[in-house]
Amino acid sequence: MTKKSGSVMYKCSNCGYTQPRWLGRCPNCEEWNSLEEIIIDKYAISPAGKGNEEVIKQKPINLNTVKAQGNTRVSTGINEFDRVLGGGATKCSAILLGGDPGIGKSTLLLQTLSNISNDKNQKVLYISGEESAAQIKERTERLELSVNNIQILCTSRLEDSLDALDSLSPSFVIIDSIQTIYSAEAGLIPGTVNQLKYCANEFISWVKERDSVLIMTAHVTKEGSIAGPKSLEHMVDTVISFERNSDDIRFLHAQKNRFGSVDEIGIFSMTEKGLIPVKDPASLFLTKRKISQPAGVICTPVFEGTRVFLVEIQALTVPAKASVSRIYSEKIDNGRVARIAAVIEKRCGLIFSDQDIYVNVAGGIKLSESSIDAAIAAALYSARTDLAIKGETTVFGELSLAGEIRPVTKTKQRINASLSLGFNNIICPEKTNESEQILDIKQLVKTILNK
C-alpha cells in the first residue's frame, strides 16, 4: 500500500518496523514501548540533503523538565576571540564571520583550528571553496602553525561537504566561504540568494544535531555589511564583524550573540606570524606627544564590554564652503555630533551653523556609548575657540539637551583607568546612592580650558 504524504505511522526505535497503529509491543522484535509516532512527508529534507519521508512527530514538553547543558563551550585558544564569543564557541552553534577581503579571516580561523587540533580528541575540518590545498598549506608554513590533525577539503559542492561531515563527524567545522558553496538543488551559480539560504540551512541543520561548532566566513559589501540576504544573519547564532583601522590593528566584535554579550571587543595586531592579541589595549588609542596638546583634542575613558579604554577624540572646525555646513565623522555618529554642536550653540552662544565640523577618534575605533558626549562637547568647543585643553585631562558624561552633563555607569572604573595612565585631572559628574551631581556645560568649559 502506498503511504500518503501527511499520514501518521508508528515506527519501532529498535528495529525500524512500521505499522499504521500503535501497539505496546513491537510485532517484529518484540520490544516493549518502542513504537514512536512519525509523519510521512515526502518533501522533508534530511541534514544529508537527501529525501526523508519518515519524520518523527515532535510534541511540546514542559520546560521545567528540560535539563540545561553544562560545559558546552569550546575554547578557540585565542583569548580575544573567546572574549567576543562570550567565553568560547558554543557547541551545536553556527557562527558567521564577515570582514573585508584580506583582513585576516582565514588566518584567524587557521590559527583557531591549529590550537583546537592540538587536542587529539577534537576532530577539525576546514572546507575551502576559495583556495587550493597547496595555498592553504603554504600559509600555515608561513605562520608556523601545527596542522597534523587538521582535515582539509577544497570544494564548492555542498554534497561533497556534507558527505565529508557525515564520514568524519568533526567537532569543529570551518566553511570558507559560504558564498562559494553551491548545490545543484538550488542552481549552479554560487552566491545567489537561494544558494546562500539553502546551503547555509544544510550546514546549520547538520551542526544542530551534533556537539559540533560551525564557523562560516562571509563576503561583505562595500558598505561593510554581509553580502546576501539578511535572513542569513537570522539563521545563525552569532554574527561577528572583523574590521581594521588604517594601521595593522584589527577589531573583532559581535553584532549578534545568542550565547553571550555583544559589547565585548577583541583587538589584534596583524604581523608576519599572523594575528597577535593585543595584551594591553588600554593605552593603544592614545597619542604620545612631546609637545603640548593642540586645540580640539581631549581624552576620555570608554567601556567596551568589560574593559576600559582611553581614547583620544579630535575635533576641527573650518568655515563652511558655499554657506552649507557639513559634518564629517566616520567613527562617531553624525547625528550625535550635530546634536552636541546644537546644544553648545544654544547654551554657550558659540556659533557652529556656519562651520564644517570634522570629528575623528585616534586609532580608528568606533564609539557609540553616551559617556563620550562631554568629551565631544569639550573637543568641539576647544576647536571652535582655538583654546587648548589642559594636559592630563579626561572628561566623560552624558550631555542632555538642557546643557547638563549627567553621570554614567561604572564611574569608579573609568576614574581608576584614567589615573593609572597618568591623567590626574578628571572631569565628570558624580553619582551616589542619595543624589546625582550634575555639571553644567558652561562649568565644564571653564574647568577644562586654559583661560
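The values are calculated or read from the model by the stated rules, or taken from the named source; none is laboratory data. If you're wondering where the values come from, they're calculated on a predicted model, not measured in any experiment. Here the Cβ positions follow ideal geometry from the backbone for every residue, glycine too, while neighbour counts run over all protein chains shown. SASA here: full protein model, heavy atoms, side chains in, ligands and nucleic acids out. Shrake-Rupley method; radii C 1.70, N 1.55, O 1.52, S 1.80 Å.
Looking at Ser382, Ser368, just one residue is touching a residue at least 24 places away in the same chain (Cβ under 8 Å) and in a loop (DSSP other than H, G, I, E, B), and that residue is Ser368.
Results for (1) in contact with a strand residue (DSSP E or B) (Cβ under 8 Å, 6 or more places away or on another chain); (2) open to solvent by 10 Å² or more (accessible area, probe 1.4 Å); (3) of a type in the set (Asp, Glu); (4) part of a strand (DSSP E or B), shown as yes or no for each residue.
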position	(1), (2), (3), (4)
Val207	yes, no, no, no
Asp211	no, yes, yes, no
Leu214	yes, no, no, yes
Lys222	no, yes, no, no
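Return yes when Glu243 is in contact (Cβ under 8 Å) with a residue 24 or more places away in the chain, farther than 30 Å from Phe423 by Cα and of a type in the set (Asp, Glu) and no when it is not. Answer is no for this residue.
The residue that is most open to solvent (accessible area, probe 1.4 Å), counting only those in segment 132-160 that are in a helix (DSSP H, G or I) and touching a residue at least 12 places away in the same chain (Cβ under 8 Å), is Arg142. Of the residues Thr394, Thr385, the single one that is of a type in the set (Ser, Thr, Tyr), modelled with pLDDT of 90 or more and under 23 Å from Asp280 (Cα atoms) is Thr394.
The set of residues from segment 266-290 being of a type in the set (A, V, I, L, M) and assigned to a helix (DSSP H, G or I) comprises just one member, Ala282.
Of all residues in segment 193-216, those that are of a type in the set (Asp, Glu) and at pLDDT 90 or above have Cβ atoms under 9 Å from Cβ atoms of residues that are open to solvent by less than 60 Å² (accessible area, probe 1.4 Å) and assigned to a helix (DSSP H, G or I), 6 or more apart or on another chain, in Glu202/Leu158; Glu202/Ser161; Glu202/Leu162. Could you tell me whether Thr271 is more than 29 Å from Leu162 (Cβ to Cβ) and out of contact with any Phe, Trp or Tyr (no Cβ under 6 Å at 6 or more places or on another chain)? Considered against the rule, which asks whether it is more than 29 Å from Leu162 (Cβ to Cβ) and out of contact with any Phe, Trp or Tyr (no Cβ under 6 Å at 6 or more places or on another chain), Thr271 comes out as yes.
Residue by residue, here is whether (1) assigned to a strand (DSSP E or B); (2) open to solvent by 10 Å² or more (accessible area, probe 1.4 Å); (3) out of contact with any helix residue (DSSP H, G or I) (no Cβ under 7 Å at 6 or more places or on another chain) holds:
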| residue | (1), (2), (3) |
| --- | --- |
| Leu162 | no, no, no |
| Tyr198 | no, yes, no |
| Phe203 | no, no, yes |
| Thr217 | yes, no, no |
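Would you say Ile340 is part of a loop (DSSP other than H, G, I, E, B), of a type in the set (A, V, I, L, M, F, W, C) and modelled with pLDDT of 90 or more? It is false that Ile340 is part of a loop (DSSP other than H, G, I, E, B), of a type in the set (A, V, I, L, M, F, W, C) and modelled with pLDDT of 90 or more. Among the conditions (1) modelled with pLDDT under 90; (2) of a type in the set (A, V, I, L, M, F, W, C); (3) open to solvent by 10 Å² or more (accessible area, probe 1.4 Å); (4) over 30 Å from the mean Cα position of the chain (by Cα), Leu286 misses just one, which is (4).
Yes or no: segment 120-128 includes at least one residue that is assigned to a helix (DSSP H, G or I) and open to solvent by less than 10 Å² (accessible area, probe 1.4 Å). No; the residues of segment 120-128 include none that is assigned to a helix (DSSP H, G or I) and open to solvent by less than 10 Å² (accessible area, probe 1.4 Å).
Being acidic (Asp, Glu) and assigned to a strand (DSSP E or B) is the requirement here; does Glu312 meet it? When the stated conditions are applied, Glu312 passes them.
In segment 79-95, the residue that is surrounded by the fewest Cβ atoms within 10 Å (Cβ to Cβ) out of those that are within 15 Å of the chain's Cα centre (by Cα) and part of a loop (DSSP other than H, G, I, E, B) is Gly87.
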